[in-house]
Structures are given as structure tokens and as C-alpha cells.
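Encoded as C-alpha cells, the structure appears first; notes follow it.
Please treat every number below as a calculation from the coordinates, not as lab data. If you're wondering where the values come from, they're calculated on a predicted model, not measured in any experiment. A quick note on method: Cβ atoms are made from the backbone with ideal geometry, for glycine too, and the neighbour counts reach across all protein chains shown.
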Amino acid sequence: MTPEHLRTLLTAVAAGRVTPSDALGRLSQFPVEELPYASVDHARGLVQGHQEVVLCEGKTPEQVEGICATLVAASGSFLATRAGADVQTRLVARFPRAEASPLGRTVYLGPDPPPEPTGRGTVLVVTAGTADLPVAEEAAVVTRALGNRVARLTDVGVAGIHRLLRRSDALREAAVVIVVAGMDGALASVVGGLVKVPVVAVPTSVGYGASFGGVSALLAMLNSCASGVTVVNIDNGFGAAVAASRINHLP
């Protein structure tokens, strides 16, 4: 339950459209609803500004569906990440309005009708190479689900840096930039040296043997000589999106 959900419910009670008893029934599972396999946190939206997000890895499809159904009953929406093909199929069958991204491994059921973005500006997701797209798409879907305008720059890594420089207008127009890169992770430093807005860097596990599954990119980003580059964990498009969204929603 988000502040907007609670405000709408209280307004309806005050206007006489919903009885106090009905409102109490809707809030009966607040703040935590206990399932046999999960404790669904309905207070997350009031505390952090967005409801609990479902990480599908390690859960059965039945468990993911049950958690998402509980969130839908409370708020009408859910966001699931790291969703395999079987989970995506199951959720879309149960919730036909849900949007599945096979590339980003996400399933998102947004409010109906969809609200206008509330962030101050556009969050730009910049991808070094095509192989980095799964992590970048996870970041883009989550960023949009959190109420932000999203733009993308794809395959503009330092191996052909002119591809990035010819799109410098997009960099200048962004309020926050998420940079997703594997290999040597150098793109984060390049972007960090070209913009005055916050840069959130995501190292990916893309690369040959000496990349050590993304550790090389992680260390390069942490050691960036560009000021203001913040780094999240390897392949953590979700974490980058949440950080970027919070920055973009600062008053």
C-alpha cells in the first residue's frame, strides 16, 4: 500500500463512498500479511515510497503467483524481477494486463489507468554493449515502474566512443544516468566525465576470463577518476533503478 492508496481510501471514507467497516476490512492485512511461505509487507509503500518488489529467484512459480496475487488484492499492482520463462507465463496468464519482459526477466502489472511520471526529469539508461541489455532492461523496467520517465542509449561503449559522443544531447538532457557496462567497465568513467548529474554505474558479468564474472568492471567503476559516480553490485539493474528513482524524486 502506497501513500496514494491510503489517501484515496481515507478520502473515500470521509466522502461517505466507503464505510469505516469496509475500510477496516481492506486494511485487515496491514501492515504484514502472512502466507505459508512469505510475510508480505504491505507497509513498504508507506515507508519507502514503493511497494514490496518480488524477487522470483529461489521461489517456485506457485509461490511467486501467490505473493503477486496478495499484492494485487491490496494495491492492484506488482513488480516481479528475475522471473524465468515459466514464471512469466504463469503471471501473464493470471494477470492478463501484466507486461512481461523476457529480456529483462521482469513482469510488471501497473495501476490502471497508468499514472503520469512523478520524477523531476528523465532517467537515462546507457548500455555499453548489446550483451549488457538484460541488466539494462531490468533497470529500465524498474525505473519506469517507480514513476520515472525513462530513455535509453544502447551499444555506445568505449570501443567505439564516437557512438556515445554523437548522442551527447541525450546525456545533457537527463536528470540521472544509469550506466550498464561489462568488460573493463570504462563507460561509467567516460559518462561521469561528460555530465553534471548523478551517475549510477552497474558492472555486468559480461566479459572474458580475466573479467572474473564482473569483478574487473566493478573494481574499475569503484576506482573511477570521474567525480560523482556511484556503483551498485554486479548485474544489479534493480538496485541501480531504485537509487536513480530516489535521486530523481528528491524535492
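Between helix 3-14 and the chain there is an angle of about 20 degrees, using the helix long axis and the longest principal axis of the Cα atoms.
Against the chain, whose longest principal axis is taken from its Cα atoms, helix 85-94 shows a tilt of about 30°. For the range 122-248, the Cβ-based charge dipole about the Cα centre amounts to some 400 debye (Lys, Arg positive; Asp, Glu negative; other atoms uncharged). Taking a Cβ cut-off of under 10 Å around L133, the surrounding Lys, Arg, Asp and Glu residues balance to a net charge of -3, with basic ones at +1 and acidic ones at -1. For the range 3-109, the dipole from Cβ point charges (+1 on Lys and Arg, -1 on Asp and Glu) about the Cα centre works out to 240 debye, to the nearest 20. Relative to the current alpha-carbon distance between R17 and L219, full extension at 0.36 nm per residue lengthens the span by 67.1 nm.
Rounded, prolate or oblate, given the Cα gyration tensor of the range 7-100, with a/c below 1.5 counting as rounded? Prolate. From its DSSP helices (H runs of at least four residues, each -39,500 (n - 2.57)), the chain gives a residue-normalised ellipticity at 222 nm of -11000 deg cm²/dmol.
Amide H contacts for V126 (H built 1.01 Å from N in the peptide plane; partners 5 or more residues away or on another chain; cut-off under 5 Å): L153, I178, V179, V180. Farthest toward the positive end of the dipole of the chain, out of S21, L91, A131, is the Cα of A131, where the dipole comes from beta carbon charges about the Cα centre. For the chain, the longest principal axis of the Cα atoms and the long axis of helix 237-248 meet at an angle of about 80 degrees. Starting from the 7 Å offset along Cα-to-Cβ, what nm value, one decimal, do you get for the label separation of L250 and L194? Each label point lies 7 Å from its Cα, and together they span 2.3 nm. Roughly what would the spin-label model give for E34 and R97, points 7 Å off Cα along C-beta, in nm? Label-label distance for E34 and R97, simple model: 3.2 nm. Between S168 and Y208, the FRET efficiency estimated from the beta carbon spacing at R0 = 25 angstrom works out to 0.25.
Between L10 and D155, the FRET efficiency estimated from the beta carbon spacing at R0 = 51 angstrom works out to 0.60.
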